[in-house]
1. Output the residues belonging to the range 357-371 that are open to solvent by 40 Å² or more (accessible area, probe 1.4 Å) and either touching a strand residue (DSSP E or B) at 6+ places or on another chain (Cβ under 9 Å) or on the phi > 0 side of the Ramachandran plot (or both).
2. Pairs needed: first member in the range 470-490, farther than 21 Å from Phe245 by Cβ; second member anywhere, of a type in the set (Gly, Ala, Ser) and part of a loop (DSSP other than H, G, I, E, B); C-beta distance under 8 Å; at least 6 residues apart or different chains.
3. Testing Asp187 on (1) open to solvent by 70 Å² or more (accessible area, probe 1.4 Å); (2) acidic (Asp, Glu); (3) closer than 30 Å to Ser74 by Cα, one condition comes back false. Which one is that?
4. I'd like to check which helices (runs of 4 or more DSSP H) are fully inside the range 788-892 and have at least 3 residues that are open to solvent by less than 70 Å² (accessible area, probe 1.4 Å) and modelled with pLDDT of 95 or more.
5. From the list Ala592, Ala588, which one is open to solvent by 10 Å² or more (accessible area, probe 1.4 Å), under 24 Å from Leu222 (Cβ atoms), at pLDDT below 90 and among the small types (Gly, Ala, Ser)?
6. May I ask you to verify whether Glu387 is in a helix (DSSP H, G or I), charged (D, E, K, R) and open to solvent by 30 Å² or more (accessible area, probe 1.4 Å)?
7. Residue check, Asn376 against (1) open to solvent by less than 80 Å² (accessible area, probe 1.4 Å); (2) assigned to a helix (DSSP H, G or I), all met but one. Which one?
8. Could you count how many residues in the range 833-865 are closer than 23 Å to Ile750 by Cα and touching a residue at least 40 places away in the same chain (Cβ under 8 Å)?
Amino acid sequence: MACVQSVIVFTGGLVVSIFRYRNERNLYRITRVTGNVSVLRDGVVNTVSHTELVPGDVVVVEPGMAYADMIVLSGNDIIVDEAALTGESTPIAKVAVDAAEGNAVYTYMSHKRHSISAGTRIVEAQGIMAVVLSTGSHTSKGEMLRDILTYQRHQFKFDAEVKVVVGILALYAIFGFTLTVLLYKDDFAFEWYYGMFVVGTSLPPLLPTVFTVSVGISDDRLARKRIACVNNEDILVAGKVRRVFFDKTGTLTKQGLDFIGASADGKLDTGRAKLSGNLLLGMATCHNLKLSSKGLLVGNNVDHNMFVATGTDLSQSSDGSVSLTLNDGTCVTVLKRFEFDHHRMTQSAIVQRSDGTVCVFVKGSGESIERLCLRNTIPENFYNNLENAAKQGIYQISLAMKELNYDAKSVVTLSRDNVENGLTFVGFINFKNQLREDTPDVLAQLGAGDVISTMVTGDNTLTGINIAREAGLIKEDEEIIFGKSVDSAGIITWVNEDGDVTSLPSVGKIKNRSIALAVTGKVWAALNAESQGNASALAPFIRVFGRCTPLDKVSVIESFVSNGTTCCMVGDGGNDCGALKAAHIGIALSDAEASVVAPFTSLDKSITSVVEVLKEGRCALASALASYKYMIIYGQVESINQIANAYFSVTFHEWCWVFMDGIWMMSMAFALSLAHAETRLSPKRPTSSLLGAHTMFSALGVLVTNFIFTCIALGLLTSQDWYSCRKWDSTDISNITLIGDNYEASVLFIVTGYQYISTAMAFNFGYTHRASWWKNYVFVSLASIYTIVHFLATVWPSKLSCLWRLNCTNENVVPAVTASRIPINNVFNTTVMPLGFRIELIVIMVFNTIAIMSWEYFFVNGVGKKIAARLNKKSDFSNQPAYLLDHQDDVV
């Protein structure tokens, strides 16, 4: 028995170690980098290991991995792929730091265009010098890796309840130990030995492994679906996700935007009218596009489509300056660019025309451009145009400009604040964001799975509402109330879909009238400033958060997380990074396998990955709970076995323990975790409670049923006429190899031994989170083989049955585990039972299996599941506010 227990503990530790090693190996692959850097020290360029870099070093930037956070000092011919760090799939052009900002304090967000982050890949670089800002764990990548390496999984209910469970099992173990010692009437040393074995089985040694194995198996399946996972423990958290937040552009909609037209007169025009004048010039110049060494345009997709629509030719000199030839033959030069700023919501470019005059073009959101323009240049129908475009799902950019009284050399010193003011409105540039084909189905599956979908976007809120309607995120029969704006006094203006001012109903009326709310980032901030409690109460009904900055997105996620809602954020990187980290679960749609921007990365950039992650999360959690219950039942069945053995002063032979504690238990427990995820999300999420009504009904019901059938089998044995003269009457337990050849041990092994198999069969039901029981092919195959072998050994005396000393005679005795052939140790030299009794034992095992499977299928997951849900809701949440209801199984 000691050998078997040692093998069990060693195997459990080995399995856990393997899965943890694989996870650590993936982290090592992400974190481990090697390489050399050319660094300028004392006026000489030397090649050193990247580990020798220190802040302040000036390095020569070369194609390949960036080993430190740097800011570009000189040169403009550099293109960087930031997918591994931000999830942004399009390479970004970087330029030297602006001389006009020489006195500015460096921040990454303000100087993003000049910054190179560690962990990004430099695609092209020629003659570039940069200064090192930070190295090692102090870089932006290092901070993310620190978060990963020091990550603590969000706590579940079972994390708190496991201490109570261990306490209960410990008390039961003390009871079992005491009872065993009292029942065995021999030397105390032997009584202690058998008693401690009861203690060991009451606290199953493999219990901690079941969650690790289930998570590891789901991680493998996700990897085969091209979904990379940095922290596989997050898979369990994914099983409890209640609300999913989606970015709009590139996530719910296709990557990029299609240019559909522009208007210079302030009217909404979705046609491709011929572009001319300042509208043409602004579209041709106000962007951050650059040419790669292969002559390809590199930069933002929106800028790319806008530029292509102008028919302009772009050329780039060796010093990085950009010249453009318009479709009418006019040549212009871009003197300076200011990248898009998420706080300003603008982007600008200073341009020199062919006649030498200089002007600046600024583009951005309509609201941002309107604030920067002279009032007399804004068309009367400006806001109507913005609203109509947004309602039609059109992504609209406004363009403005002004003349500058500077020459080409002087503009180098101009700051952004100098040029982005007093503008003249030029026109609208219109794009259409097409919905992904699979978005409606994904949102429908999430809705059917009791998961609420919410949009959080930097785009116009009305555009978000249009996309939400089209995708099914907001249903056709739902009324929409839009928090449009907030004044200086903090008063929020609420309007309906027609734009008419209305009042915000109470939370109860919102729920009863099926109202969906939509707000801007500023309105959300105003709600929190006024009353966080009121904002939290309204938050579950807000389906679209529009005009959100990256910080607004983080604020939204953190609000839900703090209120106990298990959240998932889905984005394509870039300005979603903060929100991806703030949520319990982050899923980045990126093709960078080594991305550290989120725990999960969809390498195919498919929104269906969200459903796959949630399905595997629920499957892993349900499988882990099934294996947990099986391990608990195994321990209790075996401890009852030992107590019964103590009562009869018998025990099992060595091969019995090998199969019960080793082969059957371990193979059944691990095979339970191989169940595949259900094809669609269930309307209810799996429980994470070890002491909840659902788990307790299941475990206790199976345990009591097994105990009853064990008693029936022993009662049937004692009622047999042939048994009355063949009772085991020895009380000498000093030699365990000599006290197993009796009918008491045989009946106990036959009935309770098969309970190891039948209990696992009951817990293998797929229910609603795992696929049907028969689709777990490994488990079904093992259970079938074990059942056939067990029934054959019960009915047919042979060398097979003699392996367990069942129905055995001396002619068929086989060697034991640690000894040679040992003759049958009773006065009859046989353990063969009458055929009729053997068949009765088969009937008992069959009815035992039917009983526990019926209990699991019909009661625990049928009527009992409804009762448990009602009890949980009444006992735990009767006094909770509405926005916390139905979160009883969330992480804590």
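The values are calculated or read from the model by the stated rules, or taken from the named source; none is laboratory data. All figures in this text were calculated on a predicted structure; none of them were measured in a lab. Cβ coordinates were reconstructed from backbone atoms using ideal geometry, including for glycine residues, and neighbour counts include every protein chain displayed. Please note that ligands, DNA and RNA were not included when accessible areas were found on the heavy atoms of the full protein model with its side chains. Shrake-Rupley method; radii C 1.70, N 1.55, O 1.52, S 1.80 Å.
1. Within the range 357-371, the subset open to solvent by 40 Å² or more (accessible area, probe 1.4 Å) is 357, 367, 371.
Matches in the range 357-371: Thr357, Glu367.
2. Asp477/Ser514; Glu479/Ser514
3. Failed condition: (3).
4. So the answer is 835-854.
5. Only one candidate passes the filter, namely Ala592.
6. Here the answer is yes, as Glu387 does meet what is asked.
7. Asn376 satisfies every listed condition except (1).
8. Quick first cut of the range 833-865, residues closer than 23 Å to Ile750 by Cα only: 833-856.
With touching a residue at least 40 places away in the same chain (Cβ under 8 Å) added as a condition, the list becomes 833-835, 837-842, 844-845, 847-849, 851-853, 855-856.
Count: 19.
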